[in-house]
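The values are calculated or read from the model by the stated rules, or taken from the named source; none is laboratory data. Source: prediction; values computed, not measured. All Cβ positions, even for glycine, are placed from backbone atoms using ideal geometry, and neighbour counts span all protein chains on display.
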Amino acid sequence: MASLELGTLVADPSTIDQPFRADVPVTRRRRQIRWGRGVILVLAAAYFIVPFYAAMAFSLQKPTGGFSLTPLSQIASAPGFISALWLSTQMAVITMAGVMLLMVPTVIYVHLRMPRFRRVMEVITILPIIIPPIAYATGVLESAPAWLRSSQYLLAIVYVILAMPYVYRSLDSGLGALDLKTLVEASRSLGSGWISTIWRVLVPNLRSALMSASVLTIALVFGEFTIANVDNWTTLPVWIYNAPTTDNPRITTLVAMVALLATCVVLTLIVTLDRSQSRNSRRS
(Lines give C-alpha, C1' and ligand atoms only; values in the text may rest on other atoms or scores of the structure.)
Protein backbone atom coordinates (compact mmCIF):
# COMPACT_ATOMS: atom_id res chain seq x y z
CA MET A 1 0.00 0.00 0.00
CA ALA A 2 1.12 3.51 -0.74
CA SER A 3 1.81 5.77 2.20
CA LEU A 4 1.74 9.57 2.40
CA GLU A 5 4.66 11.13 4.33
CA LEU A 6 5.14 14.89 4.64
CA GLY A 7 2.95 15.66 1.65
CA THR A 8 4.89 13.22 -0.63
CA LEU A 9 3.41 10.06 -2.07
CA VAL A 10 5.85 7.18 -1.52
CA ALA A 11 5.26 3.96 -3.43
CA ASP A 12 5.53 0.54 -1.86
CA PRO A 13 9.13 -0.70 -2.35
CA SER A 14 7.86 -4.21 -3.11
CA THR A 15 6.23 -2.94 -6.31
CA ILE A 16 9.24 -1.09 -7.71
CA ASP A 17 10.89 -4.12 -9.34
CA GLN A 18 7.63 -5.33 -10.95
CA PRO A 19 7.39 -4.50 -14.68
CA PHE A 20 4.74 -2.05 -15.79
CA ARG A 21 2.27 -3.95 -17.97
CA ALA A 22 -0.46 -1.39 -18.37
CA ASP A 23 0.77 -0.45 -21.84
CA VAL A 24 0.35 -3.95 -23.26
CA PRO A 25 -3.44 -3.91 -23.70
CA VAL A 26 -3.30 -0.29 -24.87
CA THR A 27 -0.83 -1.24 -27.62
CA ARG A 28 -2.94 -4.18 -28.68
CA ARG A 29 -6.02 -1.99 -28.68
CA ARG A 30 -4.29 0.62 -30.83
CA ARG A 31 -3.18 -2.08 -33.27
CA GLN A 32 -6.72 -3.38 -33.50
CA ILE A 33 -8.10 0.12 -34.12
CA ARG A 34 -5.52 0.83 -36.83
CA TRP A 35 -6.20 -2.54 -38.45
CA GLY A 36 -9.92 -1.81 -38.47
CA ARG A 37 -9.35 1.60 -40.01
CA GLY A 38 -7.18 0.05 -42.70
CA VAL A 39 -9.86 -2.46 -43.61
CA ILE A 40 -12.50 0.26 -43.82
CA LEU A 41 -10.20 2.42 -45.94
CA VAL A 42 -9.50 -0.46 -48.34
CA LEU A 43 -13.20 -1.29 -48.68
CA ALA A 44 -14.11 2.35 -49.28
CA ALA A 45 -11.35 2.69 -51.89
CA ALA A 46 -12.51 -0.48 -53.65
CA TYR A 47 -16.09 0.79 -53.63
CA PHE A 48 -15.03 3.83 -55.67
CA ILE A 49 -12.05 2.53 -57.65
CA VAL A 50 -13.54 -0.70 -59.03
CA PRO A 51 -16.56 0.94 -60.76
CA PHE A 52 -14.32 3.76 -61.99
CA TYR A 53 -11.86 1.28 -63.47
CA ALA A 54 -14.68 -0.70 -65.09
CA ALA A 55 -16.10 2.45 -66.73
CA MET A 56 -12.68 3.60 -67.95
CA ALA A 57 -11.92 0.14 -69.31
CA PHE A 58 -15.26 0.14 -71.15
CA SER A 59 -14.50 3.56 -72.64
CA LEU A 60 -10.87 2.98 -73.65
CA GLN A 61 -10.96 -0.65 -74.72
CA LYS A 62 -10.53 -1.32 -78.44
CA PRO A 63 -12.76 -3.83 -80.25
CA THR A 64 -9.68 -5.87 -81.20
CA GLY A 65 -8.42 -5.94 -77.63
CA GLY A 66 -6.17 -3.75 -75.57
CA PHE A 67 -6.60 -0.12 -74.65
CA SER A 68 -6.25 3.11 -76.60
CA LEU A 69 -6.21 6.79 -75.62
CA THR A 70 -7.79 7.84 -78.90
CA PRO A 71 -11.25 8.46 -77.31
CA LEU A 72 -9.66 11.11 -75.09
CA SER A 73 -8.69 13.14 -78.14
CA GLN A 74 -12.23 12.78 -79.49
CA ILE A 75 -13.81 14.51 -76.48
CA ALA A 76 -12.77 18.04 -77.47
CA SER A 77 -13.98 17.53 -81.04
CA ALA A 78 -17.39 16.24 -79.92
CA PRO A 79 -20.14 18.66 -81.02
CA GLY A 80 -21.28 20.95 -78.23
CA PHE A 81 -18.78 19.76 -75.61
CA ILE A 82 -16.68 22.94 -75.41
CA SER A 83 -19.72 25.20 -75.07
CA ALA A 84 -21.25 22.95 -72.39
CA LEU A 85 -18.00 22.83 -70.44
CA TRP A 86 -17.59 26.62 -70.68
CA LEU A 87 -21.16 27.20 -69.47
CA SER A 88 -20.68 24.88 -66.50
CA THR A 89 -17.39 26.59 -65.65
CA GLN A 90 -19.01 30.02 -65.77
CA MET A 91 -21.87 28.83 -63.57
CA ALA A 92 -19.41 27.33 -61.07
CA VAL A 93 -17.40 30.56 -60.75
CA ILE A 94 -20.47 32.81 -60.51
CA THR A 95 -22.21 30.49 -58.06
CA MET A 96 -19.15 30.19 -55.84
CA ALA A 97 -18.65 33.96 -55.74
CA GLY A 98 -22.33 34.68 -55.15
CA VAL A 99 -22.87 32.15 -52.40
CA MET A 100 -19.71 33.25 -50.58
CA LEU A 101 -20.66 36.93 -50.73
CA LEU A 102 -24.10 36.06 -49.43
CA MET A 103 -23.33 33.47 -46.76
CA VAL A 104 -20.03 34.56 -45.19
CA PRO A 105 -21.28 37.90 -43.76
CA THR A 106 -24.65 36.35 -42.90
CA VAL A 107 -23.21 33.44 -40.93
CA ILE A 108 -20.73 35.71 -39.14
CA TYR A 109 -23.49 38.12 -38.16
CA VAL A 110 -25.70 35.30 -36.89
CA HIS A 111 -22.87 33.91 -34.76
CA LEU A 112 -22.05 37.31 -33.30
CA ARG A 113 -25.38 39.09 -32.89
CA MET A 114 -28.10 36.45 -33.16
CA PRO A 115 -26.82 33.11 -31.83
CA ARG A 116 -30.36 31.95 -31.05
CA PHE A 117 -31.25 32.37 -34.72
CA ARG A 118 -28.88 29.55 -35.73
CA ARG A 119 -31.64 26.94 -35.44
CA VAL A 120 -33.85 29.01 -37.73
CA MET A 121 -30.98 29.31 -40.21
CA GLU A 122 -30.51 25.56 -40.19
CA VAL A 123 -34.18 25.08 -41.05
CA ILE A 124 -34.14 27.75 -43.77
CA THR A 125 -30.99 26.44 -45.43
CA ILE A 126 -32.26 22.85 -45.47
CA LEU A 127 -35.29 23.79 -47.60
CA PRO A 128 -33.44 23.61 -50.97
CA ILE A 129 -32.73 19.96 -50.23
CA ILE A 130 -36.30 19.17 -49.18
CA ILE A 131 -38.02 20.84 -52.16
CA PRO A 132 -37.99 18.58 -55.27
CA PRO A 133 -35.77 20.01 -58.02
CA ILE A 134 -38.46 19.72 -60.70
CA ALA A 135 -40.93 21.73 -58.62
CA TYR A 136 -38.21 24.20 -57.73
CA ALA A 137 -37.23 24.75 -61.36
CA THR A 138 -40.86 25.15 -62.47
CA GLY A 139 -41.56 27.67 -59.72
CA VAL A 140 -38.49 29.72 -60.56
CA LEU A 141 -39.45 29.86 -64.24
CA GLU A 142 -42.99 30.95 -63.42
CA SER A 143 -41.98 33.64 -60.92
CA ALA A 144 -38.85 35.04 -62.60
CA PRO A 145 -39.21 38.16 -64.76
CA ALA A 146 -39.18 37.74 -68.51
CA TRP A 147 -35.78 39.39 -69.02
CA LEU A 148 -34.20 36.99 -66.53
CA ARG A 149 -35.70 33.80 -67.96
CA SER A 150 -33.66 34.11 -71.13
CA SER A 151 -30.43 34.79 -69.22
CA GLN A 152 -27.99 32.20 -67.98
CA TYR A 153 -27.66 34.15 -64.73
CA LEU A 154 -31.04 32.76 -63.66
CA LEU A 155 -29.36 29.36 -63.52
CA ALA A 156 -26.57 30.82 -61.37
CA ILE A 157 -29.11 32.32 -58.96
CA VAL A 158 -30.80 28.94 -58.64
CA TYR A 159 -27.44 27.26 -58.00
CA VAL A 160 -26.66 29.78 -55.27
CA ILE A 161 -29.82 28.73 -53.46
CA LEU A 162 -29.04 25.04 -53.98
CA ALA A 163 -25.54 25.47 -52.55
CA MET A 164 -26.73 27.26 -49.41
CA PRO A 165 -27.20 24.09 -47.24
CA TYR A 166 -23.66 22.87 -47.87
CA VAL A 167 -21.97 26.26 -47.60
CA TYR A 168 -23.83 27.20 -44.43
CA ARG A 169 -22.93 24.01 -42.59
CA SER A 170 -19.30 24.24 -43.63
CA LEU A 171 -19.03 27.85 -42.46
CA ASP A 172 -21.01 27.15 -39.30
CA SER A 173 -18.63 24.39 -38.26
CA GLY A 174 -15.62 26.56 -39.11
CA LEU A 175 -16.87 29.51 -37.05
CA GLY A 176 -17.82 27.21 -34.19
CA ALA A 177 -14.15 26.23 -33.86
CA LEU A 178 -13.03 29.88 -33.48
CA ASP A 179 -13.13 32.30 -30.60
CA LEU A 180 -15.11 34.63 -32.81
CA LYS A 181 -15.93 37.36 -30.30
CA THR A 182 -12.33 37.72 -29.17
CA LEU A 183 -11.01 37.98 -32.73
CA VAL A 184 -13.62 40.53 -33.74
CA GLU A 185 -13.21 42.65 -30.60
CA ALA A 186 -9.42 42.64 -30.96
CA SER A 187 -9.64 43.69 -34.58
CA ARG A 188 -12.23 46.37 -33.90
CA SER A 189 -10.20 47.74 -30.97
CA LEU A 190 -7.25 48.21 -33.32
CA GLY A 191 -9.35 50.39 -35.61
CA SER A 192 -10.34 47.93 -38.33
CA GLY A 193 -13.74 48.20 -39.99
CA TRP A 194 -16.12 45.31 -40.51
CA ILE A 195 -14.96 44.62 -44.06
CA SER A 196 -11.31 44.68 -43.02
CA THR A 197 -12.06 42.43 -40.04
CA ILE A 198 -13.83 39.87 -42.19
CA TRP A 199 -11.22 39.92 -44.95
CA ARG A 200 -8.00 40.10 -42.91
CA VAL A 201 -8.93 38.31 -39.69
CA LEU A 202 -11.83 35.92 -40.16
CA VAL A 203 -11.32 34.72 -43.74
CA PRO A 204 -7.74 33.43 -43.11
CA ASN A 205 -9.02 31.50 -40.08
CA LEU A 206 -11.87 30.08 -42.16
CA ARG A 207 -9.62 28.85 -44.95
CA SER A 208 -10.48 25.18 -44.49
CA ALA A 209 -14.21 25.84 -44.25
CA LEU A 210 -14.15 28.09 -47.33
CA MET A 211 -12.23 25.50 -49.33
CA SER A 212 -14.68 22.77 -48.36
CA ALA A 213 -17.62 24.97 -49.30
CA SER A 214 -15.99 25.83 -52.63
CA VAL A 215 -15.41 22.18 -53.51
CA LEU A 216 -19.00 21.29 -52.62
CA THR A 217 -20.30 24.18 -54.74
CA ILE A 218 -18.20 23.19 -57.76
CA ALA A 219 -19.30 19.57 -57.45
CA LEU A 220 -22.92 20.68 -57.22
CA VAL A 221 -22.75 22.84 -60.34
CA PHE A 222 -20.93 20.24 -62.43
CA GLY A 223 -23.30 17.48 -61.33
CA GLU A 224 -26.71 19.18 -61.41
CA PHE A 225 -28.97 18.03 -64.26
CA THR A 226 -32.67 18.55 -63.53
CA ILE A 227 -32.89 22.32 -63.22
CA ALA A 228 -30.54 22.98 -66.15
CA ASN A 229 -32.51 20.59 -68.35
CA VAL A 230 -35.87 22.10 -67.40
CA ASP A 231 -34.51 25.62 -67.99
CA ASN A 232 -33.21 24.51 -71.44
CA TRP A 233 -29.54 25.20 -70.70
CA THR A 234 -26.96 22.75 -72.03
CA THR A 235 -24.54 22.33 -69.15
CA LEU A 236 -22.07 19.48 -68.96
CA PRO A 237 -24.48 16.96 -67.34
CA VAL A 238 -27.19 17.86 -69.87
CA TRP A 239 -24.71 17.44 -72.72
CA ILE A 240 -23.70 14.02 -71.41
CA TYR A 241 -27.35 13.00 -71.37
CA ASN A 242 -28.19 14.41 -74.81
CA ALA A 243 -24.89 13.71 -76.59
CA PRO A 244 -25.24 11.66 -79.78
CA THR A 245 -23.91 8.14 -79.36
CA THR A 246 -24.01 6.99 -82.97
CA ASP A 247 -20.36 7.75 -83.74
CA ASN A 248 -18.88 6.61 -80.44
CA PRO A 249 -21.29 5.27 -77.84
CA ARG A 250 -18.59 5.24 -75.18
CA ILE A 251 -17.74 8.93 -75.32
CA THR A 252 -20.38 9.99 -72.78
CA THR A 253 -19.16 7.46 -70.21
CA LEU A 254 -15.60 8.65 -70.75
CA VAL A 255 -16.59 12.31 -70.27
CA ALA A 256 -18.42 11.46 -67.04
CA MET A 257 -15.40 9.58 -65.70
CA VAL A 258 -12.99 12.36 -66.69
CA ALA A 259 -15.20 14.90 -64.90
CA LEU A 260 -15.24 12.70 -61.81
CA LEU A 261 -11.47 12.31 -61.93
CA ALA A 262 -10.98 16.06 -62.34
CA THR A 263 -13.17 16.71 -59.30
CA CYS A 264 -11.12 14.27 -57.22
CA VAL A 265 -7.87 15.87 -58.37
CA VAL A 266 -9.11 19.37 -57.50
CA LEU A 267 -10.27 18.17 -54.09
CA THR A 268 -6.90 16.51 -53.43
CA LEU A 269 -5.01 19.64 -54.46
CA ILE A 270 -7.15 21.86 -52.23
CA VAL A 271 -6.71 19.57 -49.22
CA THR A 272 -2.96 19.32 -49.81
CA LEU A 273 -2.63 23.09 -50.19
CA ASP A 274 -4.63 23.68 -47.02
CA ARG A 275 -2.45 21.29 -45.03
CA SER A 276 0.77 22.81 -46.33
CA GLN A 277 -0.41 26.32 -45.48
CA SER A 278 -1.45 25.18 -42.00
CA ARG A 279 1.97 23.64 -41.39
CA ASN A 280 3.75 26.77 -42.59
CA SER A 281 1.61 28.97 -40.33
CA ARG A 282 2.34 26.72 -37.36
CA ARG A 283 6.09 26.84 -38.02
CA SER A 284 6.07 30.60 -38.38
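Here are the numbers:
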| read-out | value |
| --- | --- |
| Contacts under 6 angstrom Cβ, first residue in the stretch 208-222 being farther than 15 Å from Leu162 by Cβ and assigned by TED's automatic domain parsing to the domain that holds Pro237, partner part of a helix (DSSP H, G or I) and among the polar types (S, T, N, Q), 6 or more apart | Ala209/Ser170; Ser212/Ser170 |
| Top-ranked residue of the stretch 190-216 - restricted to ones that are surrounded by 15 or more Cβ atoms within 10 Å (Cβ to Cβ) and more than 20 Å from the chain's Cα centre (by Cα), ranked as farthest from Met91 (Cα to Cα) | Ser192 |
| Hits in the stretch 54-65 - residues which are among the small types (Gly, Ala, Ser) and either part of a loop (DSSP other than H, G, I, E, B) or in the same structural domain as Val255 (by TED's automatic domain parsing) (or both) | Gly65 |
| Complete set of residues in the stretch 90-139 that are free of Cβ contacts under 8 Å to residues at least 24 places away in the same chain and buried (at least 18 other Cβ atoms within 10 Å of the Cβ) | Val110 |
| Selection count where residues are surrounded by 18 or more Cβ atoms within 10 Å (Cβ to Cβ) and among the aromatic types (Phe, Trp, Tyr), scope the stretch 217-243 | 2 |
| Hits in the stretch 66-90 - residues which are among the small types (Gly, Ala, Ser) and part of a loop (DSSP other than H, G, I, E, B) | Gly66, Ser68, Ser77, Ala78, Gly80 |
| Residues of the stretch 148-175 that turn out to be without any contact (Cβ under 8 Å) to a residue 40 or more places away in the chain and either under 17 Å from Thr106 (Cβ atoms) or assigned to a loop (DSSP other than H, G, I, E, B) (or both), as a count | 5 |
| Test: Ser192 is touching a Lys or Arg at 6+ places or on another chain (Cβ under 8 Å) and of a type outside the set (Lys, Arg) | yes |
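Quick grid of which residues meet (1) in a helix (DSSP H, G or I); (2) out of contact with any Phe, Trp or Tyr (no Cβ under 7 Å at 6 or more places or on another chain); (3) at pLDDT below 85:
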{"residue": "Ser192", "(1), (2), (3)": "no, yes, yes"}
{"residue": "Val203", "(1), (2), (3)": "yes, yes, no"}
{"residue": "Leu216", "(1), (2), (3)": "yes, no, no"}
{"residue": "Ala219", "(1), (2), (3)": "yes, yes, no"}
{"residue": "Thr245", "(1), (2), (3)": "no, yes, yes"}
{"residue": "Thr252", "(1), (2), (3)": "yes, yes, yes"}
{"residue": "Val258", "(1), (2), (3)": "yes, yes, yes"}
{"residue": "Gln277", "(1), (2), (3)": "yes, yes, yes"}
